């Protein structure tokens, strides 16, 4: 797309081409939603920024398969990582990678955060998969990006029609910056330069702190500046903004992105001293807001509930080995979270600091 007019023009054309309305999603014997020919169109929108993606599609009635009832139009189609790279992970890691897409968003809700929604889908063979938008040329071979009767992940776009997605890397001084405090300050500077309403700036900053803590809690090892962004309206005067929901949470819970050389690929946020543990990130944001936030969410964290909801939404059942692996991992994370709160936050005098700034000598190091 050369500009936003091309985007809107393509959406209008695609909406005209869509023939049917998905009223009640049909499922196959394994519980995958069947995306029927004629209920969607393949999009030309570029996916080169994203890993493991097979393309964007435009659903004629996407709200019918959205658990929150939000009327989106575009949906991103992704391959399961174990399906795309079958030789990289052992069977236990594969099970975790498949489950992360459904369990991590449930934990995000317990952290009072929005997260992308995912669905298991298969595509019916038909004319739509034969459109040129659904092909890619690799050397002398023409391959389908989305294939029929193959299981994919589908996630509806969380961008509203009047919003643009701005990845952190789009405005950072250093697009690869990982220092959490520097990122917080640069987000504030950017939103001020965009004339975003002050209440939205505060909300974005609060949610960035919450998201940073959540990412460290789940050990989100793919935490880089294309996997975080701000949704901002296109209004000329008083602009509105919100932090983008958590997304691309595949590499969490102790399973890491493996490079071609066989080594883990880390993009973990850190503090100004280079620490990347949960405790170090909590110390980075040691503010009145964070202390109040931790007091509120710690009692709400229930990993069993997150697993059960994830299984229901993803239509799968974890093996006992995988379930225990999750519980052991998150038990350690919860102990670290509670330990920090008990040691530094419980009896702290909140009147001594502002909501976002802390310069006290006895703050955690």
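The values are calculated or read from the model by the stated rules, or taken from the named source; none is laboratory data. What you see is a predicted model, and the numbers here were worked out from it, not measured in a lab. As a convention, Cβ positions derive from the backbone with ideal geometry for all residues, glycine included, and neighbour counts pool all protein chains shown.
Number of residues in segment 189-198 that are part of a helix (DSSP H, G or I) and more than 16 Å from residue 168 (Cβ to Cβ): the value is 1.
Test of understanding: among 232, 213, which residue is surrounded by 21 or more Cβ atoms within 10 Å (Cβ to Cβ) and within 16 Å of the chain's Cα centre (by Cα)?
Of the residues listed, the single one that is surrounded by 21 or more Cβ atoms within 10 Å (Cβ to Cβ) and within 16 Å of the chain's Cα centre (by Cα) is 213.
For the residues 201, 281, 232, the requirement of being touching a strand residue (DSSP E or B) at 6+ places or on another chain (Cβ under 9 Å), outside any helix (DSSP H, G or I) and either over 19 Å from residue 188 (Cβ atoms) or outside the structural domain of residue 105 (by TED's automatic domain parsing) (or both) singles out 232.
Residue 174: more than 23 Å from residue 274 (Cβ to Cβ), loosely packed, with under 15 Cβ neighbours inside 10 Å and at pLDDT 95 or above, yes or no? Quick ask: steps written out before the conclusion?
Working: more than 23 Å from residue 274 (Cβ to Cβ): no; loosely packed, with under 15 Cβ neighbours inside 10 Å: yes; at pLDDT 95 or above: yes.
Criteria not met by residue 174.
Residues that are part of a loop (DSSP other than H, G, I, E, B) and at positive phi: does segment 216-228 have at least one?
Restricting attention to segment 216-228, the residues satisfying the condition of being part of a loop (DSSP other than H, G, I, E, B) are 218-228.
Cutting the leftovers down to at positive phi gives us 219.
Checked segment 216-228: at least one residue is part of a loop (DSSP other than H, G, I, E, B) and at positive phi.
Go through the residues of segment 263-272 one by one and say whether even a single one is touching a helix residue (DSSP H, G or I) at 6+ places or on another chain (Cβ under 9 Å), farther than 26 Å from residue 88 by Cα, assigned to a helix (DSSP H, G or I) and assigned by TED's automatic domain parsing to the domain that holds residue 183. Spell out how you get there, then give the answer.
Residues of segment 263-272 that are touching a helix residue (DSSP H, G or I) at 6+ places or on another chain (Cβ under 9 Å), as a first pass: 268-272.
Remaining after also requiring farther than 26 Å from residue 88 by Cα: 270-272.
Subset that is assigned to a helix (DSSP H, G or I): none.
Within segment 263-272 (the criterion being touching a helix residue (DSSP H, G or I) at 6+ places or on another chain (Cβ under 9 Å), farther than 26 Å from residue 88 by Cα, assigned to a helix (DSSP H, G or I) and assigned by TED's automatic domain parsing to the domain that holds residue 183), the answer is no, since none of the residues qualifies.
Have a look at 146, 136 and point out the one that is outside the structural domain of residue 284 (by TED's automatic domain parsing) and either touching a residue at least 24 places away in the same chain (Cβ under 8 Å) or crowded, with 17+ Cβ neighbours inside 10 Å (or both). Of the residues listed, the single one that is outside the structural domain of residue 284 (by TED's automatic domain parsing) and either touching a residue at least 24 places away in the same chain (Cβ under 8 Å) or crowded, with 17+ Cβ neighbours inside 10 Å (or both) is 146.
If you go through segment 298-323 one residue at a time, how many are surrounded by fewer than 19 Cβ atoms within 10 Å (Cβ to Cβ) and part of a helix (DSSP H, G or I)?
The initial filter retains those residues of segment 298-323 that are surrounded by fewer than 19 Cβ atoms within 10 Å (Cβ to Cβ), namely 298-302, 304-305, 308-309, 311-313, 315-317, 319-321, 323.
Checking the rest, the ones that are also part of a helix (DSSP H, G or I) come to 298-300, 304-305, 308-309, 311-313, 320-321, 323.
Result for segment 298-323: 13.
Test of understanding: among 267, 251, which residue is surrounded by fewer than 19 Cβ atoms within 10 Å (Cβ to Cβ) and either under 18 Å from the mean Cα position of the chain (by Cα) or under 24 Å from residue 158 (Cβ atoms) (or both)? Spell out the reasoning first.
Values: 251 fails: surrounded by fewer than 19 Cβ atoms within 10 Å (Cβ to Cβ).
On inspection, the qualifying residue turns out to be 267.
Scanning segment 231-246 for residues that are out of contact with any helix residue (DSSP H, G or I) (no Cβ under 6 Å at 6 or more places or on another chain) and at pLDDT 95 or above yields 231, 232, 242, 244, 245. Suppose we keep only residues that are in contact (Cβ under 8 Å) with a residue 24 or more places away in the chain and in a loop (DSSP other than H, G, I, E, B) within segment 162-183. Which one would you say is nearest to residue 232 (Cα to Cα)? Among those residues, the one meeting the criterion is 162.
Suppose the filter is modelled with pLDDT of 95 or more and farther than 16 Å from residue 255 by Cβ; does residue 102 pass it? So residue 102 does not fit the description; no. Taken over segment 114-133, the criterion of being under 14 Å from residue 76 (Cβ atoms) and surrounded by fewer than 12 Cβ atoms within 10 Å (Cβ to Cβ) is satisfied by no residue.
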